Amino acid sequence: MLYKAKITAVLFAFFSSILGTYIFFDWHSDNKKLLDFARTIVHGNSVTGYDIEQLNDLIYHTGSFAKNNDYFLLPSLGPTPIQILQKGGDCSDKSRLLAAILDEMKISATLVMLAPCDGCPFGHTVVEAQAADGAIAVDPVYNISFPSSNGHYYGIKDLRDNSSILQARLDELILKRGSRDKVAFYRGGADGIHYSYPVTINWEKNFLTRSIGKFLMWYTDDASLVYRPRWLEDPKLLMSGVLGVISIFSFLVFLVTILLPHPKVITNR
């Protein structure tokens, strides 16, 4: 029995490490393509709000706006950033792509989910990033950014705390693009899209997330806007990490089976 446990642990450690390593290097290859895509318009190392605005425009014009049904290994993981780059996608897909590209450029970025009211289902997803000249919120499926009067850009907190910023920007864009442009749909329906209830991570999803959210409230000013880690939105990175953990755990099990004292065999004389 102990021998079978050893063999099983070794096989799990071996195959999970091989597969995890392959996925990790494949992820790195994808990242190079993402970076090459971004460098077609962003050339400097200091990425400004204007650079992110231009990158947002590029992603807006890349691929369709239909939900991307591709996935990596499991449908629940959704499409990888490179799959979105190839085919496009809806608000959550294109936001995933933009956030991944910015992270690859060493820019902190996060997806932000928007709801029409506190506790309502999330209906739209945008991106916030920390550019060299400050925070900037962008919407890659409506091609929207929010320039401020001082030459910088507004972030999610600004939009949440002052709804007039969004309305003034929509007035400006509708006047510029015309009333038939899709940006006019930001005001569609009873609620439309607004930024009064932005959330980066749904802490109310279950007991565990609620506990983590309450814990973070002791250490952050606003737990609802804690930046999402990239592995939540990058299936290959997530799976390579999971397989790495499985490999390490299997190896530890193998070591335990070696270190455990072997039962003595008693023979009758």
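Per-structure values
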read-out: Ascending count of other beta-carbon atoms within 10 Å, so fewest first, for Lys157, Lys236; value: Lys157, Lys236
read-out: Cα-projected label distance for Thr21 with Lys182, points at 7 Å along beta-carbon direction, nm; value: 4.3 nm
read-out: Cα gyration tensor category, rounded, prolate or oblate, for region 46-243 with a/c compared to 1.5; value: rounded
read-out: Proximal aspartates and glutamates relative to Lys67, as straight alpha-carbon distance under 17 Å, when same-chain residues fewer than 8 apart are discounted; value: Asp90, Asp93, Asp139, Glu233, Asp234
read-out: Within region 1-159, percent of DSSP bridges classed antiparallel, to nearest 5; value: 95 percent
read-out: Where labels lie 7 Å past Cα in the beta-carbon direction, separation of His28 and Leu232 in nm; value: 2.7 nm
read-out: Residues of region 26-52 with amide N under 14 Å of the 7 Å Cα→Cβ point at Asp70; value: 27, 30-31, 33-34
read-out: Separation of alpha-carbon centers, region 127-201 and region 61-103, rounded to whole Å; value: 21 Å
read-out: Burial ranking of peptide ranges 63-73, 91-101 (average Cβ count within 10 Å, highest at the top); value: 91-101, 63-73
read-out: Computed lengthening from Tyr197 to Phe14, 0.36 nm per intervening residue step minus Cα-Cα distance; value: 61.3 nm
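No value in this document is a laboratory result; all are computed from the given coordinates. Since this is a predicted model, take the numbers as computed values, not measurements. Don't worry about glycine lacking a Cβ; one is built from the backbone with ideal geometry, like all the others, and counts go over all protein chains shown.
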